[in-house]
Amino acid sequence: MSINWHKRYRQQANWTEPLRSYIFEQLDLGKNTRLLELGCGTGAILERMHTPAYGLDLRLASLQKAKGNTPTTALTCGNALSLPYVDQSFDVVFSHFLWLWVQSPQTALAEMMRITRPEGHIIAFAEPDYTQRVDEPSQLEALGAWQREALQTQGADPAMGAKLTELFYSAGMQIVETGTISKPEREAFDRSAWQLEWDVLKSDLAGHISTERIQEMKAMDLLAWQAGSRVLYVPTHYLWARMPEG
């Protein structure tokens, strides 16, 4: 199955755009502010930045697409567990749907803190907690369980969103603000967005759940959306933290 990942990342970027605008406005970013996005993917957020930023991702294929989407951005292929930057290189380091994929969060945060200047900022804009996913009607509850299992099989931590505050606080970061963001539980049905969600879900579930069962659930899901009875809620956490003084 071919998934348009840039379209998917743009969809996710839309969910957090108000939060990003709010925090970046509070930071009063200037042309000399040095920003880095870890896990920048295909550049869905970097292409919207009004302040120049750097981008890093583990996947070269994603970076090649990001180069086309944001050609003036300095992009680097690298691992969050061993960042290829000198100490105190950046004023702001931020991420978006990254932490659930990080194999050693403590190591990654230590690296992020190393490259951030004293009193600089580290921001996680969106980290879901799939263990608290809510699906209604009840016939669709299996979708949440399937998703959690598929993520774990891929090496992700489905509950990472709820662990952010403890992770950052234990590392000595000052928590400026934290909370949850989400789309409305009962939102207007968008067929295109719905199909994209299912493309990703089917890709995750391939080999774990039979095609027939997936198609059955997809049909039930569509009917529930069209009837106005569908509820889908995944708590998505954000965290804004400040580095200690030097």
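Listing for the model above:
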| item | result |
| --- | --- |
| Rounded to whole Hz, the Karplus (6.51, -1.76, 1.60) HN-Hα couplings of segment 41-52, x for glycine and proline | x, 8, x, 5, 8, 4, 5, 9, 6, 8, 9, x |
| Residues of type lysines that residue 67 reaches as a straight line, Cα spacing below 30 Å, ignoring anything fewer than 8 places off in the same chain | 7, 31, 183, 202 |
| Excluding exposed DSSP-loop GluC sites (Glu not before Pro) (at most 13 other C-beta within 10 Å), longest clean stretch of the chain | 1-140 |
| Inter-label distance for residue 86 and residue 191, nm, one decimal - labels placed 7 Å from Cα along Cα-to-Cβ | 5.6 |
| Inter-part distance where segment 1-76 and segment 138-176 are each reduced to a Cα centre, Å | 22 |
| The chain - mean residue ellipticity at 222 nm from DSSP helices (-39,500 (n - 2.57) per run, n ≥ 4, rounded to 500) | -12500 deg cm²/dmol |
| Theoretical gain in end-to-end length, residue 202 to residue 104 [0.36 nm per residue, Cα-Cα removed] | 32.5 nm |
| In segment 1-34, the trypsin sites (Lys or Arg not before Pro) that fall in loop regions by DSSP, at most 13 other Cβ within 10 Å | 31 |
| Sequence-separation-based contact order of segment 1-144, relative, with Cα cut under 8 Å and 6+ spacing, percent | 20 |
| The chain: angle of helix 60-69 to the longest principal axis, Cα-based, in degrees nearest 10 | 80 |
| Table column - 3J(HN,Hα) (Hz), segment 95-101, Karplus curve with 6.51, -1.76, 1.60, x for Gly and Pro | 8, 8, 6, 10, 4, 5, 9 |
| Segment 105-130 residues near the modelled residue 148 label - backbone nitrogen below 14 Å, point 7 Å along Cα→Cβ | 129-130 |
| Among 121, 208, 96: highest mean-square fluctuation, GNM of the chain, C-alpha pairs under 10 Å | 208 |
| Contact order relative to length of the chain, as percent, for alpha carbon pairs under 8 angstrom and 6 or more apart | 21 |
| Over the chain: Kirkwood hydrodynamic radius from C-alpha pairwise inverse distances, Å | 19.0 |
| Stretch gain in nm, segment residue 175-residue 5, where the contour uses 0.36 nm per residue and the Cα spacing is subtracted | 58.0 nm |
| Whether segment 170-235 is rounded, prolate or oblate, judged on the alpha carbon gyration tensor where a/c under 1.5 counts as rounded | oblate |
| Per-selection Kirkwood Rh - segment 1-59 (Cα, Å, 1 d.p.) | 12.5 |
| Accessible surface of segment 120-212, 1.4 Å probe, proportion on carbon and sulfur as whole % | 46 |
| Accessible area per residue in Å² at 1.4 Å probe, computed on the chain | 49 |
| Spin-label zone in segment 1-28 - amide nitrogen under 18 Å from a point set 7 Å from the Cα of residue 64 along the C-beta vector | 2-7 |
| Degrees between helix 142-153 axis and first principal axis of the chain (Cα, 0 to 90, nearest 10) | 40 |
| Environment charge of residue 98, counting only residues whose C-beta is closer than 12 Å and scoring Lys/Arg +1, Asp/Glu -1 | -4 |
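The values are calculated or read from the model by the stated rules, or taken from the named source; none is laboratory data. None of these values were measured; they are calculated from a predicted model. Note: ideal-geometry Cβ built from the backbone for every residue, glycine included; neighbour counts use all protein chains shown. When the accessible area is computed, the model is the full protein with side chains, heavy atoms only, and any ligands, DNA or RNA have been set aside. Shrake-Rupley method; radii C 1.70, N 1.55, O 1.52, S 1.80 Å.
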